[in-house]
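Visitor: Let me begin by handing over the structure; questions about it come next.
The values are calculated or read from the model by the stated rules, or taken from the named source; none is laboratory data. What you are looking at is a predicted structure, and each value in this text was computed from that prediction instead of being measured. Cβ placement follows ideal geometry from the backbone for every residue including glycine, while neighbour counts extend to all protein chains displayed.
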Amino acid sequence: MKIQRLKTKVVKIGELKLGGNNPVRIKAMLKTSTRDVKNLLKEARQLKEEGAEAIRLAVREEKDAPLVKLLKKEVGLPFVADVHFNYRCALSAIAEGFDAVRLNPLNIYKKDQVKEVVREAKARGISLRVGVNSGGFKRKFKHSQELARAMVESLAGYIKILEALKFFDIMVSLKGRDVMSTIWANRLFAQKFNYPLHLGVTATGSFLEGTVKSSIGLGVLLQDGIGDIIRVSLTAPSFWEVRLAKEILQALKIRQFGPQIISCPTCSRCEVNLIDIVDKFKKRLQASNFKEPREIALMGCVVNGPGEAMQADIGAAFGKTKAVIFQDGKIVKQTTQDKVIEDLLKGVKYGYK
Ligand code: SF4
């Protein structure tokens, strides 16, 4: 059964539409310093190749803003300026051609400054993301729900200001420092407003912890039908954030980007080195550039192997030295351990007649 998404307003980041019936989008953020333009471009190109659909750049000073021209020309994606404290950076970002600007209600809030930014955004026809992060509050909260309420209140007040200025091209983000505050804040917001939500759990930690927190936080909300664009945050290279975002969307069957491998954890019944086989198969599959959405099972023994391999589009179930390949629920080939990768790849790419 498909997840029923909450209907939100359609807002654009450049040509990229989000909200409404549009797919849940993937956003990335650049980590290279704006002083290192060569590597900044390299990172942006890599993020596009990985599947990012919009990229955010921290505009710390007004002189960072002109970089957007080069980035857009070389990468060909919409770019969002991430601005804090200095509203003049937002004005420069808009003037230089960013497709959206992220404002933080906790550090750019003076009415005359907001008014000026809104006037320019309107004149250029760009959208604004209003994003509250838990780290923006300079006080301690008793529990996650209290933090969630504070985030929503601060956003609601800001949205009122934007709406009073007749500005409605708004995206919103509420990123808590933990999974629960993020979930509560986004649920609370989605009950009251229909602006598209950019989801993310912030400051998640390094690879393992960040993967768990992002997968749970984003997964729960997406399962609720909440979320129009996602950004995974990891203390790790940025391409992992895009890969993980794609995996989350694929796991929930919200979007399909390519083949998915189903493999068992192995146990003492397993008589082949399945970890090594799966690893080698994955590398071969990636190298083959096969992008169609297929479920491919690689299972260690006859307990669950035949069942999983039958239910997948194609799969191999291992015995002692041999493996059986299933395609669309039927056995199509018997093979050996040393030939299984080749035979399975052949089946994935061309199918067995
Ligand atoms: Fe163990 Fe077989 Fe299950 Fe794999 S499929 S975990 S080898 S029982």
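Visitor: Given the condition closer than 28 Å to residue 249 by Cβ, of a type in the set (Lys, Arg), surrounded by fewer than 17 Cβ atoms within 10 Å (Cβ to Cβ) and in contact (Cβ under 8 Å) with a residue 60 or more places away in the chain, answer yes or no: does some residue in region 40-62 qualify?
Guide: no
Visitor: Just checking, does region 93-102 include any residue being within 21 Å of residue 18 (Cβ to Cβ) and at pLDDT below 95?
Guide: no
Visitor: Enumerate the strands (runs of 3 or more DSSP E) found wholly within region 251-349, keeping only those where 2 or more residues are within 12 Å of the ligand (Cβ to nearest atom) and surrounded by 20 or more Cβ atoms within 10 Å (Cβ to Cβ).
Guide: So the answer is 295-299, 314-318.
Table: residues versus (1) surrounded by fewer than 19 Cβ atoms within 10 Å (Cβ to Cβ); (2) of a type in the set (Gly, Ala, Ser); (3) not in a helix (DSSP H, G or I).
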| site | (1), (2), (3) |
| --- | --- |
| 112 | yes, no, no |
| 121 | no, yes, no |
| 130 | no, no, yes |
| 135 | yes, yes, no |
| 138 | yes, no, yes |
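Visitor: Could I ask something else about it? If residue 176 satisfies all but one of (1) under 30 Å from residue 216 (Cα atoms); (2) more than 22 Å from the chain's Cα centre (by Cα); (3) not aromatic (Phe, Trp, Tyr), what's the number of the condition it fails?
Guide: In the conditions (1) under 30 Å from residue 216 (Cα atoms); (2) more than 22 Å from the chain's Cα centre (by Cα); (3) not aromatic (Phe, Trp, Tyr), residue 176 misses (2) alone.
Residue-wise test of (1) basic (Lys, Arg); (2) within 27 Å of residue 191 (Cβ to Cβ); (3) crowded, with 23+ Cβ neighbours inside 10 Å.
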| site | (1), (2), (3) |
| --- | --- |
| 2 | yes, yes, no |
| 28 | no, no, yes |
| 38 | yes, no, no |
| 72 | yes, no, no |
| 79 | no, no, yes |
| 86 | no, no, no |
| 90 | no, no, yes |
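Visitor: What number of residues within region 154-174 are assigned to a helix (DSSP H, G or I) and surrounded by 13 or more Cβ atoms within 10 Å (Cβ to Cβ)?
Guide: The number of residues fulfilling the criteria is 7.
Visitor: Checking the condition within 24 Å of the chain's Cα centre (by Cα) and free of Cβ contacts under 8 Å to residues at least 60 places away in the same chain, which residue from 289, 273 passes?
Guide: Criteria check complete, one pass: 289.
Visitor: Could you figure out which of (1) at pLDDT 95 or above; (2) over 30 Å from residue 317 (Cβ atoms); (3) assigned to a helix (DSSP H, G or I); (4) small (Gly, Ala, Ser) isn't true of residue 225?
Guide: (3)
Visitor: For region 97-109, state whether one or more residues are in contact (Cβ under 8 Å) with a residue 12 or more places away in the chain and assigned to a helix (DSSP H, G or I).
Guide: No, the conditions are met nowhere in region 97-109.
Visitor: Can you tell me which residues in region 227-239 are surrounded by fewer than 22 Cβ atoms within 10 Å (Cβ to Cβ) and closer than 19 Å to residue 133 by Cα?
Guide: 233, 234, 235
Visitor: Return yes or no: is residue 242 of a type in the set (Val, Ile, Thr), surrounded by 17 or more Cβ atoms within 10 Å (Cβ to Cβ) and within 12 Å of the ligand (Cβ to nearest atom)?
Guide: Taking the combined requirement at face value, the residue does not satisfy it.
Visitor: Among the residues of region 175-205, which ones are buried (at least 17 other Cβ atoms within 10 Å of the Cβ) and either of a type in the set (S, T, N, Q) or in a strand (DSSP E or B) (or both)?
Guide: 175, 181, 182, 186, 197, 198, 199, 202, 204, listed by residue number.
Visitor: Pick from 149, 139, 124: which is of a type in the set (Lys, Arg) and within 25 Å of the chain's Cα centre (by Cα)?
Guide: 149
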